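S.K.: First, the structure itself, so that you have it in front of you.
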Amino acid sequence: MNRDGNTKSIWQEGIEEYQSKNQWDKNEVYDVLIIGGGITGLSIALVLQEKGMKCILAEGHNIGFGTSGGTTAHLNTLLDTPYATIKKNFGLSIAMQVAIGAREAIDLIEGLTSKYNIDCDLAYKPAYLFAQTDEEANELEKIKDANQKVSILTEWSETIPVPIPFVKAIKVDFQGQLHAAKYLHGLASAFEENGGVILQHCIVNNISGDDIISADTSIGVIKAANAVYATHIPPGLNIFSMRCAPYRSYAMAFTLKTGEYPAALVYDSKDPYHYIRTHKINGQDYIIAGGSDHKTGHNDNTEYIFTELEAWARHYFDIDTVTYRWSSQYYNSVDGLPYIGKMPGQDNVYMATGYGGNGMIFGSLAAKMLCNIIHKEETPYEDLFDPSRIKMIAGFSNFVKENADVISMFISKRLSYEHISQLAELAPGQATICEWENNKVALYKNEDGHIYAVDPVCTHAKCIVAWNTAEKTWDCPCHGSRFAPNGDLLTGPAMKGLTQIKWEDIEGD
């Protein structure tokens, strides 16, 4: 199974690319076209197909290629946006709704896993959140109090199952975990067993039409009555590029010399926070540790972040071998809640984005919600997560902060670049953006010495891309589009790759 970067996640071990089974009937007008083969797309495709709708799913690469193949696969009612924050910004009743929705999402995952016998290592574990300073302890008290108010049973704990010093800790039972790739493939197989169609390596260029949607794709035109963008963030230029900020998150998996692996999910209270959990792959236990998040394209040495994460882990654990290191991307909404529902101004086009670090939860909840909305059935979350909502009181400060940052990156990155006098200065595996005859050129030399040259101007909103040293990709610091070294599009919201520059264009040969 391929992913959208150079690193390998633990879920890719021994997992081949999913093989689609059912054939596409090009004359069929499907009830729903789902664009994207991650947790959201596969979940809603299966749920809709179960309810008798004829669905077709188009994935630009392979199932699990994007963030869903790089998640750490936590199943939490204990969310990244604490209920104390949700309660403060939206009120207690909204916080209670979100908590209920998170539980429903986990129930859906368990139900589909059981119904279709999906062997994905689903397991329930207690979660521990701990504080290491008095300030963190004060915030932990607020979190515990809010959890109790939204009916998430939370208790103080005198111990935590890891050798990390702390001053206070809480315990929340009935949290969960699973094997991400196995679950995605299980959903895909169940969807096709129910008659659905999966088109992999099918890039949707654009959609048009009112009553009947025509999707222009790399392999032909797909027609459907409805369409769902399950693409992590809707492609193209739209308001969600301004309402959502892209972040990179880092993870590693390692073995212990002691052989003593904690049977729990554990989180510190830092910002960004660290977390650990255990998973067994092919009979071997691993600790998965993660954290060190930052805005996409805003770190000049992403490779070093793995070094920092490993140093943090080695400080507390007797590590034997670090076997996997990988990163993935997520989008934070300005008010801490996702956008799920109808695309603004559209009658039959739907979307889901802004999950933060809770993609498995909100991707599954999105499936339930969108199924109800498409069937014209009530859902208690429709107004809460409405993509057209305006909650500037809760989100205004974040909106200003994130987009002022975008504007500064857009301007400053276009004003000055390091000038290199000779292309030979690039070492194998190195990349840079330079000036050549007053033109900006993004250069990457692979390990064999071949140099790729591309226009560094992102095709989405004309920001200048930045090199990701860990994943060996060009990442947009404004809205999170990502590109391969040769300019090929990996993930949106851009809808086409970077322009490739031929050597004769540079050297005049």
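S.K.: Go through the range 208-226 and count every residue that is closer than 22 Å to N372 by Cα, part of a strand (DSSP E or B) and either charged (D, E, K, R) or in contact with a Pro (Cβ under 7 Å, 6 or more places away or on another chain) (or both).
M.R.: Number of matching residues: 1.
S.K.: On to the next question. Quick check on my filter: what residues within the range 162-183 are in a helix (DSSP H, G or I), crowded, with 21+ Cβ neighbours inside 10 Å and out of contact with any helix residue (DSSP H, G or I) (no Cβ under 6 Å at 6 or more places or on another chain)?
M.R.: Y183
S.K.: Further question on the same structure: Taking the range 459-503 as the search range and keeping residues that are surrounded by 18 or more Cβ atoms within 10 Å (Cβ to Cβ) and of a type in the set (K, R), which one is nearest to M242 (Cα to Cα)?
M.R.: The residue in question is R482.
Okay, residues lined up against (1) farther than 22 Å from M369 by Cβ; (2) part of a loop (DSSP other than H, G, I, E, B); (3) out of contact with any strand residue (DSSP E or B) (no Cβ under 7 Å at 6 or more places or on another chain); (4) of a type in the set (D, E, K, R):
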{"position": "M53", "(1), (2), (3), (4)": "no, yes, no, no"}
{"position": "N62", "(1), (2), (3), (4)": "yes, yes, no, no"}
{"position": "D80", "(1), (2), (3), (4)": "no, yes, yes, yes"}
{"position": "K88", "(1), (2), (3), (4)": "yes, no, yes, yes"}
{"position": "S93", "(1), (2), (3), (4)": "no, no, yes, no"}
{"position": "M96", "(1), (2), (3), (4)": "no, no, yes, no"}
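S.K.: Can you find even one residue in the range 112-120 that is more than 20 Å from S333 (Cβ to Cβ), among the charged types (D, E, K, R) and surrounded by 15 or more Cβ atoms within 10 Å (Cβ to Cβ)?
M.R.: Scanning the range 112-120, I find no residue that is more than 20 Å from S333 (Cβ to Cβ), among the charged types (D, E, K, R) and surrounded by 15 or more Cβ atoms within 10 Å (Cβ to Cβ), so the answer is no.
S.K.: Quick one: is G297 part of a strand (DSSP E or B) and on the phi > 0 side of the Ramachandran plot?
M.R.: No: the conditions fail for G297.
S.K.: Also: Could you please tell me which pairs satisfy a Cβ distance under 8 Å, a separation of 6+ or placement on different chains, a first residue in the range 153-175 that is among the charged types (D, E, K, R), and a second residue that is assigned to a loop (DSSP other than H, G, I, E, B)?
M.R.: K171/S157; D173/L153
S.K.: Quick check on A461: is it at pLDDT below 85 and closer than 27 Å to I203 by Cα?
M.R.: The answer is yes for A461.
S.K.: Test I213 against the criterion of being more than 23 Å from the chain's Cα centre (by Cα), crowded, with 20+ Cβ neighbours inside 10 Å and closer than 30 Å to I56 by Cβ, and give yes or no.
M.R.: Judged against the criteria, I213 is a match.
S.K.: Check the range 486-493 and report whether any residue there is in contact with a Pro (Cβ under 8 Å, 6 or more places away or on another chain) and either modelled with pLDDT of 85 or more or assigned to a loop (DSSP other than H, G, I, E, B) (or both).
M.R.: Checked the range 486-493: at least one residue is in contact with a Pro (Cβ under 8 Å, 6 or more places away or on another chain) and either modelled with pLDDT of 85 or more or assigned to a loop (DSSP other than H, G, I, E, B) (or both).
S.K.: Let me ask you something else. Keeping to the range 313-346, report how many residues are among the aromatic types (F, W, Y) and in contact with a Gly (Cβ under 8 Å, 6 or more places away or on another chain).
M.R.: Within the range 313-346, residues that are among the aromatic types (F, W, Y) and in contact with a Gly (Cβ under 8 Å, 6 or more places away or on another chain) number 4.
S.K.: Turning to a different aspect of this structure: Looking at K257, is it of a type in the set (K, R), surrounded by fewer than 23 Cβ atoms within 10 Å (Cβ to Cβ) and more than 19 Å from H298 (Cβ to Cβ)?
M.R.: yes
S.K.: To continue, here is another question. Determine which member of the set S328, S388 is within 21 Å of the chain's Cα centre (by Cα), closer than 27 Å to C476 by Cα and at pLDDT below 95.
M.R.: Checking each option against the conditions leaves just S328.
S.K.: Still on this structure: Please give the number of the condition D320 fails out of (1) out of contact with any helix residue (DSSP H, G or I) (no Cβ under 9 Å at 6 or more places or on another chain); (2) part of a strand (DSSP E or B); (3) under 18 Å from R103 (Cα atoms).
M.R.: The number of the failed condition is (3).
S.K.: OK, next. Can you report the number of residues in the range 288-327 which are in contact with a His (Cβ under 9 Å, 6 or more places away or on another chain), among the β-branched types (V, I, T) and more than 18 Å from Q12 (Cβ to Cβ)?
M.R.: So the count comes out to 3.
The values are calculated or read from the model by the stated rules, or taken from the named source; none is laboratory data. Owing to the predicted nature of the structure, the values given are computational and were not obtained by experimental measurement. Virtual Cβ from ideal backbone geometry, glycine too; neighbours counted across all protein chains shown.
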